[in-house]
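What follows is a single structure, written as structure tokens, with notes after it.
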Amino acid sequence: MNEIKKHTIAVLVDNEAGVLSQVSRLFSRKGYNIESLAVGTTDNPKVSRITIEVLADDDHAYLLSNQLRKLIPVHSLKLLPPEKSIRRELLLLKVKAETAEKRNEIIQIANIFRANIVDVSIGALTLAMIGDESKTEALENILKEFEVLELARTGIVALERGQETINEETKEKGEFNYGKNVL
Amino acid sequence: MMTGAKILIECLLEQGVDTVFGYPGGTILNVYDELYKYEGRIKHILTAHEQGASHAADGYARSTGKVGVCFVTSGPGATNITTGIATAYMDSSPVVFISCNVGEDLIGKDSFQEVDITGITMPITKCNYLVRDVNKLADIVREAFAIARSGRPGPVFIDILQNVSAQEADYTPVPQSQHFTTGRLGALMERSSHNFEAPTPDEDDIDKLVEMIRNSEKPLLICGGGVVRGRAHKEFLEFAEKIDSPVAITVMGGGGFQGRNPLTTGMVGMHGSQASNMACDGCDLLIAVGCRFSNRVALDPESFASQAKIVQIDIDRAEINKNVKTDHHIIGDAKKVLERLNSKIEQQEHDEWKKYVFSFKTETEYEEGGEALTPKQITKTIANLLPQDTIVATDVGQHQMWAIQHFHYDYPGQLLTSGGFGAMGFGLGAAIGAKVGNPEKTVIHVTGDGSFRMNCNELCTEQYYDIPVITFIFNNGVLGMVRQWQTLIKDKRYSQTNLDRGPDFVKLAEAYGLKGRRVATVVELEDAIKEAVSWGHGYVIDCAIDMDEMVKPMVAGGSHITKFIVC
């Protein structure tokens, strides 16, 4: 058994009903829990990008990718290694702040993390922050002291660093080109 | 302008479909109404049960190489064919299943006979469609057929809303040759991710394998289902003779390599011959063509062919390294890959290795039972009296293994068996479909009493359309394969495997308007076969065998391939 680690899989798919369940069922069938999932349209409104994070060893991540590539609505797919990609998620966090003193303290912390205060009320503050999971977790941990009322994450989205894109010709892709009708 | 139902039928004609298996119902009424008007151009076979129709369409597809078509109604009609779809999926058989769902105004409201069949069939189809717009119908049907037959073939499901079948749209006929350049398919072809043409193998990969073959002293070939689906039997034969290698055949590979060829070591895997399994363990180069190393072949993936370099040739990228780690692979259509290999490799000789492999038995010798029938006597008698090109459709269990071990298959589509999914009740429907698709050939249905009881209702289809299939029941009064496991693994605790009950299969055949006979000796069996042939209609031969007959050899699941628990 190889080392289990987090894999980021980016998939371009047809922006159609049912495609997401087709993609996600491949993970559940193999017993993989999706750690994070983010879906949105791309510059082409007919195409959506799904970013999936899953804990698996390299072999299984590769097999899963192969299975995903077979789906007709899948245009392209790339495994994004963490060291070569930018990964971000948006965190919304509502924290209890009943006194001016507490509010100030939270605002200071928010400044350090470059988080924005997006809503203020008498009893609570809502913060928004963009970062990868280590940053969002750090903020979350610190704010635990103040009692977190509610929390929502978008899930990680990722792009490769540099000029390369998901549609780039790569060695892996090259192998696919001669065996691509794996329909 | 045409209704959706008429467009559907026109699209089937575009594909050259002349036979449909199915069962009508409320939501698919419009389609059947059109079918009525097209009588004479499309033949419809009405089965007793939707499951029978699904297996018949599958059997038709496997035996003819064409795409099978099956119509059902919504709800229970659709769920009844799920076993048939899964069977076709596991064995890569090209079938297009078409159902109609309730109308747009009723969908999602738990209406009468409504079910989310596209959701249900998602994991057991190559892809499926819910058609909500009549303008997209023709394009979707074209795409469905192309996907079903291309690459690694498989089932595709189209669910059409009832209102779509009634709505009208413009329809322009498009000849099949232009499907890939127009509409949805055209758009799909422009994407880099998918291609419908069989991939041309990579020359570097071919060269690497040629070098590996030259360096090998003990090669072994595995003939898998891909050789059958790719109709690559001629190229495979040339390849095997050129590299002078023994050939082990999987269940799905039956017909991909001549069963009588001196290079055949017989079946491989759980019930594989000693020669096949020993060769697997002893070879230094194992080349698997169109084989996914299922757990019935590579029983223990870790120790499987542990001394060998394993090479996988497959059209499906996702099969590479899925079950067994390979040393080299070639992605491509079996036919094209083998053609390239044949053109590059020179004649090899492996006499010593062959001598070793064939010192083991390629077929289990059973004791001759004298007067009483044994499984081998039944298969021998059948083979003696019926033509060599007889199509054999089996169900699942002991009789299936005997039929695969002891009949010799010569061409793809001669053996129809539910190898991957193992669906009992597959055989009779498949035999009907095969006979409809191959009226000039003799078609037999080999079954057990347990399997036959599951879908014997299709005898009425046989009778009504006069489809002369001869059914051979290996009747041991027990669920033989499970009983065999209970004998060997469960200390003879025969839990719920006793099938000592009705009906009388001969009377059953007669009740359906067919003939039947119960036989207990070789002479009686010979007489019955002769009568069945001369009678020329559906016939059931109920062969009494002993309940303790076993399929030999056997290796338990998960253990080393040469660890026979019976041989």
Kindly check whether there is at least one residue in region B:276-291 that is within 14 Å of chain A (Cβ to nearest Cβ) and at pLDDT 95 or above.
yes
For region B:314-323, state whether one or more residues are closer than 16 Å to B:Leu220 by Cα and either in contact (Cβ under 8 Å) with a residue 24 or more places away in the chain or surrounded by 17 or more Cβ atoms within 10 Å (Cβ to Cβ) (or both).
no
Scan region B:389-396 and tell me whether some residue there is surrounded by fewer than 21 Cβ atoms within 10 Å (Cβ to Cβ), out of contact with any strand residue (DSSP E or B) (no Cβ under 8 Å at 6 or more places or on another chain), under 18 Å from B:Val469 (Cα atoms) and at pLDDT 95 or above.
yes
Take the residues in region B:326-341 that are under 25 Å from the mean Cα position of the chain (by Cα) and outside any helix (DSSP H, G or I); name whichever of them is farthest from A:Asn66 (Cα to Cα).
B:Asp333
Look through A:Ile9, A:Ile72, A:Ile52, A:Ile86 and report the one residue that is touching a strand residue (DSSP E or B) at 6+ places or on another chain (Cβ under 8 Å), over 25 Å from B:Asp316 (Cβ atoms) and not polar (S, T, N, Q).
A:Ile86
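Scan the helices (runs of 4 or more DSSP H) fully inside region B:102-215 and keep the ones with 1 or more residues being at the interface with chain A (Cβ under 9 Å from one of its Cβ atoms) and touching a residue at least 40 places away in the same chain (Cβ under 8 Å).
Working: elements: B:117-121, B:134-149, B:162-166, B:183-190, B:203-215.
It comes to B:117-121, B:134-149, B:183-190, B:203-215.
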Of (1) assigned to a loop (DSSP other than H, G, I, E, B); (2) away from chain A (no Cβ under 12 Å), B:Asn323 satisfies all except one. Which?
(2)
Of the listed residues (B:Gly259, B:Gly269), the one being touching a helix residue (DSSP H, G or I) at 6+ places or on another chain (Cβ under 8 Å), touching a residue at least 40 places away in the same chain (Cβ under 8 Å), part of a loop (DSSP other than H, G, I, E, B) and of a type outside the set (S, T, N, Q) is B:Gly269
From the set of residues in region B:1-24 that are β-branched (Val, Ile, Thr) and in a strand (DSSP E or B), which is surrounded by the fewest Cβ atoms within 10 Å (Cβ to Cβ)?
B:Thr19
Return the only residue of A:Val157, A:Val74 being out of contact with any Pro (no Cβ under 8 Å at 6 or more places or on another chain), under 30 Å from B:Asn128 (Cα atoms) and within 14 Å of chain B (Cβ to nearest Cβ).
A:Val74
Looking at region A:160-183, which of the residues that are within 14 Å of chain B (Cβ to nearest Cβ) and at pLDDT 80 or above is nearest to B:Glu190 (Cα to Cα)?
A:Ile166
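In the list B:Val482, B:Val506, which residue meets the criterion of being of a type outside the set (S, T, N, Q), surrounded by fewer than 21 Cβ atoms within 10 Å (Cβ to Cβ), within 17 Å of B:Asp449 (Cα to Cα) and in contact with a Lys or Arg (Cβ under 6 Å, 6 or more places away or on another chain)?
Values: B:Val482 fails: in contact with a Lys or Arg (Cβ under 6 Å, 6 or more places away or on another chain).
Just a single option satisfies the conditions, and that option is B:Val506.
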Would region B:235-256 turn up any residue that is more than 29 Å from B:Gly154 (Cα to Cα), more than 21 Å from the chain's Cα centre (by Cα) and β-branched (Val, Ile, Thr)?
yes
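Regarding B:Gly40, is this residue more than 20 Å from B:Ala88 (Cα to Cα) and touching a residue at least 12 places away in the same chain (Cβ under 8 Å)?
Values: more than 20 Å from B:Ala88 (Cα to Cα): yes; touching a residue at least 12 places away in the same chain (Cβ under 8 Å): no.
For B:Gly40, the condition - more than 20 Å from B:Ala88 (Cα to Cα) and touching a residue at least 12 places away in the same chain (Cβ under 8 Å) - is not met.
Does A:Leu55 fit the bill of being surrounded by 14 or more Cβ atoms within 10 Å (Cβ to Cβ), of a type outside the set (D, E, K, R) and more than 10 Å from chain B (Cβ to nearest Cβ)?
Values: surrounded by 14 or more Cβ atoms within 10 Å (Cβ to Cβ): yes; of a type outside the set (D, E, K, R): yes; more than 10 Å from chain B (Cβ to nearest Cβ): yes.
So A:Leu55 passes the test.
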Residue list for region B:31-89, restricted to those being among the polar types (S, T, N, Q), buried (at least 24 other Cβ atoms within 10 Å of the Cβ) and not in a loop (DSSP other than H, G, I, E, B):
B:Gln51, B:Ser54, B:Ser63, B:Thr87
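Would you check if B:Gly254 is buried (at least 17 other Cβ atoms within 10 Å of the Cβ) and within 25 Å of B:Tyr89 (Cβ to Cβ)?
On the way: buried (at least 17 other Cβ atoms within 10 Å of the Cβ): yes; within 25 Å of B:Tyr89 (Cβ to Cβ): yes.
Criteria met by B:Gly254.
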Identify the residue in region B:216-232 that is in a helix (DSSP H, G or I) and in contact with a helix residue (DSSP H, G or I) (Cβ under 6 Å, 6 or more places away or on another chain) and, among all such residues, is surrounded by the most Cβ atoms within 10 Å (Cβ to Cβ).
B:Val227
Could you tell me whether region B:535-545 includes any residue that is surrounded by 18 or more Cβ atoms within 10 Å (Cβ to Cβ), out of contact with any Pro (no Cβ under 6 Å at 6 or more places or on another chain) and of a type in the set (Phe, Trp, Tyr)?
yes
Picking from B:Asp170, B:Asp91, which residue would you name as being at pLDDT 95 or above, within 23 Å of B:Arg292 (Cβ to Cβ) and among the charged types (D, E, K, R)?
B:Asp91
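Suppose the filter is in a loop (DSSP other than H, G, I, E, B) and either within 14 Å of another protein chain (Cβ to nearest Cβ) or touching a helix residue (DSSP H, G or I) at 6+ places or on another chain (Cβ under 6 Å) (or both); does B:Ala298 pass it?
Judged against the criteria, B:Ala298 is not a match.
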Failed criterion for B:Glu349 (all others in (1) surrounded by fewer than 21 Cβ atoms within 10 Å (Cβ to Cβ); (2) assigned to a helix (DSSP H, G or I); (3) not aromatic (Phe, Trp, Tyr) hold):
(2)
One residue is enough: does region B:443-459 have a residue meeting the conditions closer than 30 Å to B:Val17 by Cα, more than 20 Å from the chain's Cα centre (by Cα) and touching a residue at least 24 places away in the same chain (Cβ under 8 Å)?
yes
Name the one entry in A:Leu26, A:Leu37, A:Leu12 that is outside the structural domain of A:Ala152 (by TED's automatic domain parsing), closer than 23 Å to B:Lys322 by Cβ and at pLDDT 90 or above.
A:Leu26
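The values are calculated or read from the model by the stated rules, or taken from the named source; none is laboratory data. Note that this is a predicted model, so its numbers are computed, not measured. Every residue, glycine as well, gets a Cβ built from its backbone with ideal geometry; the counts of neighbours run over all protein chains shown.
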